[in-house]
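This report refers to the structure that appears directly beneath it.
The values are calculated or read from the model by the stated rules, or taken from the named source; none is laboratory data. Because the structure is predicted, anything quoted here is derived from the model rather than measured. Counting neighbours? That spans all protein chains shown, and the Cβs are built from the backbone with ideal geometry, glycine included. All accessible areas refer to the heavy atoms of the entire protein, side chains included, with ligands and DNA or RNA removed. Shrake-Rupley method; radii C 1.70, N 1.55, O 1.52, S 1.80 Å.
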Amino acid sequence: MQSLQKVSAIRPRLADLVYDQIVGGLQSGAIDPNVRLHQVKLAEMLDVSRTPVREALLRLEQEGVLRSSVNGGFEIRRVSKSEVRDIYQARQAVEGFCAGLLASLDDKEMVETLRETIAQEEGKKPDTNSAYFDANRTIHRAFVATSGNAFLLESFDAIWNRSIAIRSFEKLDAPGLEASLSGHLDLLNDIRSGGFEHAQRAMHDHIIDGCALQLAAL
């Protein structure tokens, strides 16, 4: 066999970095949701060429966050109630099944690691909606990862990492944010106390409560 070339460390694509900057700006309020986004202005602000900015904007359009404006550039779409419901229904399908798998897991060490992760994230005092989103994602991803199904974990990431899902947190007020980051230790205990269907229902109910918080905030 001929020798292969060495593989260099993988660096993030510039378009991905631009995408992260725009999503972060939307979450933090640094980008006014009422203004149009133009690739030329964004490229100047971020000190990059127009190509990665264009790629990032088109990705956001595909995800339903932006729409092309008749006057040029892109407008920010409001997250609709039907989109929020779709997101949470998809979460029920993936996370509910993983909760069922977790109910039958006979690995006390892994479960205790999950418990520690939950306690650590719930103990944080986030100061932004984005930080609350990240803490919730970390907790729920730990539930899915602990269930042991790598393909379901990929599905989880596909749902939670879409910026339309990230933006769903931006309207929550302080009480709603605090409620979104509570009850996960009780949820774990409930999941572990019964069989597959009981655990699946417990996760479904938890996700329904989260959906209700989001819908009330819109």
Here is a list of conditions, (1) without any contact (Cβ under 8 Å) to a residue 40 or more places away in the chain; (2) open to solvent by less than 20 Å² (accessible area, probe 1.4 Å); (3) aromatic (Phe, Trp, Tyr), and Phe151 meets all of them except one; can you say which number that is? (2)
Take the residues in the stretch 160-208 that are in a loop (DSSP other than H, G, I, E, B) and hydroxyl-bearing (Ser, Thr, Tyr); name whichever of them is least open to solvent (accessible area, probe 1.4 Å). Ser168
Residue in the stretch 91-110 that is surrounded by the most Cβ atoms within 10 Å (Cβ to Cβ), counting only those that are assigned to a helix (DSSP H, G or I) and charged (D, E, K, R): Glu95
Working only within the stretch 19-46, note down all residues that are within 18 Å of the chain's Cα centre (by Cα), modelled with pLDDT of 90 or more and open to solvent by less than 50 Å² (accessible area, probe 1.4 Å). Tyr19, Ile22
Could you grab the pairs with beta carbons closer than 8 Å, sequence gap of 6+ or different chains, first residue in the stretch 44-63 and without any contact (Cβ under 8 Å) to a residue 40 or more places away in the chain, second one open to solvent by 90 Å² or more (accessible area, probe 1.4 Å) and polar (S, T, N, Q)? Leu46/Gln21
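Look through the stretch 120-135, keep the residues that are part of a helix (DSSP H, G or I) and without any contact (Cβ under 8 Å) to a residue 60 or more places away in the chain, and return whichever of them is surrounded by the fewest Cβ atoms within 10 Å (Cβ to Cβ).
Start the filter on the stretch 120-135 by keeping residues that are part of a helix (DSSP H, G or I), which leaves 120-122, 129-135.
From the residues that got through so far, the ones that are without any contact (Cβ under 8 Å) to a residue 60 or more places away in the chain too are 120, 131-132, 134-135.
Details: Gln120: 13, Ala131: 17, Tyr132: 20, Asp134: 17, Ala135: 21.
Checked the stretch 120-135; the qualifying residue surrounded by the fewest Cβ atoms within 10 Å (Cβ to Cβ) is Gln120.
From Thr117, Thr113, grab the single residue that is of a type in the set (S, T, N, Q), surrounded by fewer than 17 Cβ atoms within 10 Å (Cβ to Cβ) and within 15 Å of Asn189 (Cα to Cα).
Numbers: Thr117 fails: surrounded by fewer than 17 Cβ atoms within 10 Å (Cβ to Cβ).
From the options Thr117, Thr113, the qualifying one is Thr113.
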Unmet requirement for Ser49, which otherwise passes all of (1) small (Gly, Ala, Ser); (2) open to solvent by less than 50 Å² (accessible area, probe 1.4 Å); (3) at pLDDT 85 or above: (2)
